[in-house]
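The values are calculated or read from the model by the stated rules, or taken from the named source; none is laboratory data. Just so it is clear, the model here is predicted, and its values are computed rather than measured. Neighbour counts are summed over all protein chains in view; Cβ atoms, including those assigned to glycine, are modelled from backbone coordinates with ideal geometry.
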Amino acid sequence: MPDSLPPRHAAQPDVVIAGAGFAGMYLLHRLRALGLRVRVFEAGHDVGGTWYWNRYPGARCDVESMQYSFSFDPELQQSWNWSERYAAQPEILTYAQHIAERLDLRRDITFNTRVTALHFDDAAQVWHVTTDTGEALAARFCVMSTGCLSTTKLPEIPGIQDFAGATYHTGQWPHEGVDFTGQRVGVIGTGSSAIQAIPVIAQQAAHLTVFQRTPNFSVPAHNWPMRPEYEGAWKAEYPERRARAKQVRNGILMSINPESAVAVDEAARQKVYEERWQMGGTQFMGAFGDLILNRESNETAAEFVRGKIRSIVKDKALAELLCPQGYPIGTKRICVDTGYYETYNRGNVSLVDLRAAPIEAITPQGVRTTAAEYAFDSLVFATGFDAMTGTILAVDIQGRGGQTLRAAWAEGPRTYLGLMVAGFPNLFTITGPGSPSVLTNMLVSIEQHVDWITTCLATLQDRGAASIEATQAAQDDWAGQVAAAGNRTLYPNTASWYAGANVPGKPRVFMPYIGGVPAYHRICAEVAAEGYRGFAIRAMAEAG
Ligand code: N01
């Protein structure tokens, strides 16, 4: 890890940031400019967050590179050259590392260190911070920039510790890579990670067996090496295009056809879907304006994708098993693949339908379902994450009066704007539950949260204020708005990680705010302009 200057860690920083992914990195940069002393703690041994951990074969972003990049540094966005339409994980990690060097960030980041506890001291109005390396310090402000998909989740399968071969989780992939050549490999799960990894693993493995519980909808990426004219057009208009992207509900500049899918005839509908399919990527869901609102419209898109699966996968029975049924397309995160369905035409790939025969146990040799036993050399768990709240709640967070965040969120996360929680002064979350976060281009949402928090802290500095805290009334109102926005769509009824359904015992609450980037940015800006409406700001003199 190159370090240009020796660390100059403040004994008592003004701000502690947990996590040095894109959010923590940008926040560090902004807060330094305010003259604040900042300490960042990062569990990994370098920057990059998601792109540091998720090194599984085929890992790639499904937002186009020209958009999945920072906009705050005009020179950076002109000088950085992406090699593909959709960048692969190593390139995005290199980009993160480049930013760390360019902005000389690493000297304020303590790597290989997790924040384990945050306890608020009412009298002194500071947070006492503890790390897993035994450091203890105090800071006025803390920011959880720990990512939405950071705490990996293993399946609850008896015998999981007994497997004698090698096991991997896609979200904690070995840095040295894995060579599956000649191996019998089992993959459990068919979410985005699996759908990217399976085609690559299949090319190496002697035999690959995929254990599928719920088929997912996937659309092709149609990735291509970066085209100079495409890159040039973006760079020539970056400020305008970035601004236009913020006018789109998911923060990604793409055309969303405002028509209803059921307002046009079958031939016109098929033509639109085919065009979208050929474009590649998540813009498939923009084919019509009501796909996430109207079940009948949604079903036309779902059936189009099923038709594609049936046309690609030669074995008819296998194609049917791969066709998602019973939930609306897009309400589980749509997957973007390169050759996923085609992979099932290979002779060395087989699919096990866990709906027909569930897994009973993992054995020393492999996997036993109610119907058969399968022997493996390696097992890959592509079983996802304790999303949005898992990593925050893994920290022992105690706010005013010693109340724990775990208790405050016992019935699901409640926040004001996804930025703060009532009872937890001076503690911010970036892209937290209750914000658009995972439903958007994460870099757009990260930049907006970091900018908002930076302006907020600058305002507190100017006023000589000691603390800011969401009021209970504002938080309750916002929780209502988050739920109401979700309930206007088809999302909340699907068993997805958006709603906590993948973690046993986790409250079933649709966590992100689905009101869209334009509305959300406007609300946040208004709240700040109105003197931080819904927040209580306390002066220094009131402290203690
Ligand atoms: O995880 P997932 P992921 N037995 O939770 C299955 C982002 N991402 O890592 O649906 C058998 O989606 C589970 O089955 P089921 C993206 O936001 C982005 O793939 O619960 N199976 C499911 O199939 C994404 O949504 C990118 O029935 C079990 C799978 O494991 C998010 O990360 C790439 C099981 C988990 O799928 C998470 O994706 C990758 C069990 N006991 C990820 N337990 C891009 O940008 C779980 N499963 C492209």
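In the range 40-72, what count of residues is obtained for those that are closer than 26 Å to Arg107 by Cβ, more than 12 Å from the ligand (Cβ to nearest atom) and either assigned to a loop (DSSP other than H, G, I, E, B) or of a type outside the set (A, V, I, L, M) (or both)?
Final tally of qualifying residues: 14.
Checking Arg538 against (1) modelled with pLDDT of 95 or more; (2) among the charged types (D, E, K, R); (3) more than 16 Å from the ligand (Cβ to nearest atom), only one condition comes out false. Which one?
(1)
From Leu253, Leu321, which residue is in contact with a Lys or Arg (Cβ under 9 Å, 6 or more places away or on another chain), over 27 Å from Thr214 (Cα atoms) and crowded, with 16+ Cβ neighbours inside 10 Å?
Step by step, each of Leu253, Leu321 is checked, and only Leu253 is in contact with a Lys or Arg (Cβ under 9 Å, 6 or more places away or on another chain), over 27 Å from Thr214 (Cα atoms) and crowded, with 16+ Cβ neighbours inside 10 Å.
Could you look through the range 324-348, keep only residues that are surrounded by fewer than 15 Cβ atoms within 10 Å (Cβ to Cβ) and within 28 Å of the chain's Cα centre (by Cα), and pick out the one that is farthest from Thr209 (Cα to Cα)?
Among those residues, the one meeting the criterion is Gly326.
Taking the range 526-542, which residues are surrounded by 14 or more Cβ atoms within 10 Å (Cβ to Cβ) and not aromatic (Phe, Trp, Tyr)?
If the condition is that a residue be surrounded by 14 or more Cβ atoms within 10 Å (Cβ to Cβ) and not aromatic (Phe, Trp, Tyr), then Val527, Ala528, Gly534, Ala536, Ile537, Arg538 are the ones that fit.
Considering each residue of the range 290-318, count those that are surrounded by fewer than 20 Cβ atoms within 10 Å (Cβ to Cβ) and polar (S, T, N, Q), and give that number.
2
If you check every pair at least six apart or on different chains, which have Cβ atoms under 8 Å apart with a residue in the range 322-343 that is under 17 Å from Ala194 (Cβ atoms) first and a residue that is part of a helix (DSSP H, G or I) and among the basic types (Lys, Arg) second?
If the second residue must be part of a helix (DSSP H, G or I) and among the basic types (Lys, Arg), the pairs left are Cys323/Arg306; Cys323/Arg310; Pro324/Arg306; Tyr341/Lys308.
How many residues does the range 19-75 contain that are surrounded by 23 or more Cβ atoms within 10 Å (Cβ to Cβ) and among the hydroxyl-bearing types (Ser, Thr, Tyr)?
4
Residue by residue, here is whether (1) of a type outside the set (A, V, I, L, M); (2) closer than 30 Å to Gln67 by Cβ; (3) part of a strand (DSSP E or B) holds:
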residue: Met285; (1), (2), (3): no, yes, no
residue: Gly289; (1), (2), (3): yes, yes, no
residue: Phe304; (1), (2), (3): yes, yes, no
residue: Leu318; (1), (2), (3): no, no, no
residue: Gly326; (1), (2), (3): yes, no, no
